[in-house]
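All remarks here apply to the structure that follows.
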Amino acid sequence: MSSTRFAGFDLERELRTHWMRWTLLAWAAIAGWYLWQRWGLVNALALGDTDDNMRLMQVRGLLAGQDWFDLRQYRLSPPGGLDIHWSRLVDLPIAALILIFQPFTGTAMAERLAVGIAPTFPLAVTMLAMGAAVRRLIAPAAWPLAVIILMGCTATMVMYLPLRIDHHGWQLACLALTVMGLADASRLRGGLTVGLASAGSLTIGLELLPFCAMAGAIVALRWVWDRDEMPRMRAYGLSLAGGSSAGFVLFASNANYAMRCDALTPVWLSVMIAAGALLFLLAQLNPAGRIARLGLAAIAGAIVAGGFAGLFPQCLQRPEGVSDELANTWLNNVREARPIYKHSFAMAFPIAVLPVIGLIGAGFAAWRARTADQLVAWVAIGLFTAFAGAMLLWQVRAGPAAQLLAVPGATWLAWTVVPWFLGHRWMAVRVLGSAAAFLIVSGLFAGFVVKWVQVDPPRKMRAVVGKANARCASASAMRMLDRTIPRSTLFTHVDLGPRLIVMTRHNGIAGPYHRNERAILDVHHAFTGSPDAFRGIAKRYGARYLLVCPNMAETTVYRARQPNGFYGQLSKGKVPEWLEPVPLYTHAPYRLWRIRYDK
């Protein structure tokens, strides 16, 4: 890139020396655009995902005086409440923003501003981390390309949009910091960065546990190849063990002191401490022979894996630890838990394209590397990108991480290929060729392909379900429930529970959280069983009203499993005499009944 000056302003120098300032300025512009674009949704508190709704309830509980280590949600399945397996770490920025705005705007608007602004904070971390990574891997002025390509990572950027207050954005930020650490030529600093980023991600949740494990394996393999990598592995081992310990002590809920497999409990804490200690010990030994280092690394891996299998056999199956009935009834039907090839072309193609491009870019970058350090760094990034792509064949929920990890490789291709077109002697090639090249290497062409290749037209039933989901979760519909009936416990769908308790004063029965198997199965049994079975279950929970949302996604499961079950009969107009209709306005999305137990 040649130096470009405008009235004394040296663009290249600014990009090289003041890149953090410009990255933060770009972040502020992007965050401001997001808030302006989605302000209507923010002002309506239109939290679209059940986890986002539950996160806000967790923050409300904390600010209302709920114990720091008590993460039960007492407005679902009252009075005992439901156990939520999260930590408080992600609650902190949301709670802080509410407390900052509250004296000036009141609580309601403070909540809206907080849930609008908070998701953009991890975006700032991600942009800075990816910028630092490509500066180290490619060139000091390459970071703007990385930011532009990151903006085109549709699956990734969704996690940073206003209202997306669940923990995924922060875990992706930790993953970006991991990439930054792997790309760091300073071995000590790089090891500390990777270890602390992994510990932070695990403290938040286990969703990216496989990526954390892969990062550790890459650090160990670098040491096997080059014993001078000893400082990186030693720092990684100490920071992983120490960071995980600190995360557990500071943020683990009371419920997470049990030997469970779905969070940073004593199970995974012991694994992280053991792995970190062994890597630190190997770094101290640091034998000269590559075969000796490989053997020691293999022994350490076998000790960790064997100890895990022997001490925690309950965790060798799925980490949620649910019964076969709950898995078949609910968990196996979660769309994001399916492999990418089981999804529509319109969804799968844009997610899969960029990881492939990133892997190609990392491969060519390694081939063209000028120094041994660059070669090793690009091989590490390539391994990470390939692993993320393989994870898509397991679950499509790996899509945001896979796209994020592809950014360095795609940036290298853009930095290398686009200038060739820009320097061509023919203007048509310079203009059209460079534009086409960037669209290809950035993966942005996928959107045009999906638009013009109509291989998966929308189905009518899918549109009906989507409309019902949106209408029943709307703020106006929820407020109607508060105006219509006194504060009560409402028996309703599992997926409607978190939204109900956020938007109304009413209590619900269940939410889609695997630790609450009994409540989830009770709701499904109530809707798919006989009318008498429903009334017995509802009475046990103290429910005074039945609230249903016709055509909501969950109701299609009830009808499919038991067409003549309780919900199937309701959908056909067969209403028991002990259900007393509660009048709602003409076009209300719900049907509401008072449950009479005296008939």
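Please tell me if Val431 is surrounded by 14 or more Cβ atoms within 10 Å (Cβ to Cβ), assigned by TED's automatic domain parsing to the domain that holds Leu172 and aliphatic (A, V, I, L, M). Taking the combined requirement at face value, the residue does not satisfy it.
For the range 25-42, a tally of residues being loosely packed, with under 14 Cβ neighbours inside 10 Å and touching a residue at least 40 places away in the same chain (Cβ under 8 Å) returns 1.
Of the set (1) touching a residue at least 60 places away in the same chain (Cβ under 8 Å); (2) buried (at least 17 other Cβ atoms within 10 Å of the Cβ); (3) farther than 27 Å from Ala258 by Cα; (4) not β-branched (Val, Ile, Thr), all apply to Phe280 but (1). Determine whether the range 285-304 contains at least one residue that is exposed (fewer than 12 other Cβ atoms within 10 Å of the Cβ) and in contact (Cβ under 8 Å) with a residue 12 or more places away in the chain. Within the range 285-304, one or more residues are exposed (fewer than 12 other Cβ atoms within 10 Å of the Cβ) and in contact (Cβ under 8 Å) with a residue 12 or more places away in the chain. If only residues of the range 164-192 that are touching a Gly at 6+ places or on another chain (Cβ under 8 Å) and over 20 Å from Ala388 (Cα atoms) are counted, the one that is surrounded by the fewest Cβ atoms within 10 Å (Cβ to Cβ) is Arg189. Would you please name the residue that is surrounded by the fewest Cβ atoms within 10 Å (Cβ to Cβ), looking only at residues in the range 538-554 that are part of a helix (DSSP H, G or I) and touching a residue at least 40 places away in the same chain (Cβ under 8 Å)? This residue is Lys539.
Just the residues that are among the hydrophobic types (A, V, I, L, M, F, W, C) and within 39 Å of the chain's Cα centre (by Cα), please, taken from the range 562-581. Within the range 562-581, Phe566, Leu570 qualify.
On inspection, Ala124 does not qualify as surrounded by 24 or more Cβ atoms within 10 Å (Cβ to Cβ), at pLDDT 95 or above and not β-branched (Val, Ile, Thr). Residues that are small (Gly, Ala, Ser), under 18 Å from the mean Cα position of the chain (by Cα) and more than 15 Å from Ala235 (Cβ to Cβ) within the range 182-219 comprise Gly200, Ser201, Gly205, Ala213, listed in sequence order.
Every residue, every condition in (1) without any contact (Cβ under 8 Å) to a residue 12 or more places away in the chain; (2) outside the structural domain of Trp367 (by TED's automatic domain parsing); (3) buried (at least 16 other Cβ atoms within 10 Å of the Cβ), yes or no:
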site	(1), (2), (3)
Leu393	no, no, no
Gly399	no, no, yes
Val407	no, no, yes
Thr411	no, no, yes
Ala414	no, no, yes
Val417	no, no, yes
Gly423	yes, no, no
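Those helices (runs of 4 or more DSSP H) of the range 5-102 in which at least 1 residues are out of contact with any strand residue (DSSP E or B) (no Cβ under 7 Å at 6 or more places or on another chain) and modelled with pLDDT of 95 or more, considering only elements entirely within it, cover 19-37, 39-43, 50-63.
Restricting the first member to the range 243-264 and to residues that are in the same structural domain as His514 (by TED's automatic domain parsing), and the second to residues that are at pLDDT below 95 and surrounded by fewer than 20 Cβ atoms within 10 Å (Cβ to Cβ), no beta-carbon pair is closer than 6 Å while six or more apart or on different chains. Identify the residue in the range 528-561 that is under 20 Å from Arg518 (Cβ atoms) and of a type in the set (A, V, I, L, M) and, among all such residues, is nearest to the chain's Cα centre (by Cα). Here the answer is Val557.
Within the range 577-591, residues that are in the same structural domain as Ala553 (by TED's automatic domain parsing) have Cβ atoms under 9 Å from residues that are exposed (fewer than 15 other Cβ atoms within 10 Å of the Cβ) and among the aromatic types (Phe, Trp, Tyr) in these pairs: Trp578/Tyr597, counting only partners at least 6 apart in sequence or on another chain. Suppose we filter Leu393, Leu405 for residues that are under 18 Å from the mean Cα position of the chain (by Cα), of a type in the set (A, V, I, L, M, F, W, C) and assigned to a loop (DSSP other than H, G, I, E, B); which single one remains? Only one candidate passes the filter, namely Leu393.
The values are calculated or read from the model by the stated rules, or taken from the named source; none is laboratory data. Predicted model, so just to flag it, every value in this text is computed and none were measured. Here Cβ is always computed from backbone atoms with ideal geometry, including for glycine, and neighbour counts include all displayed protein chains.
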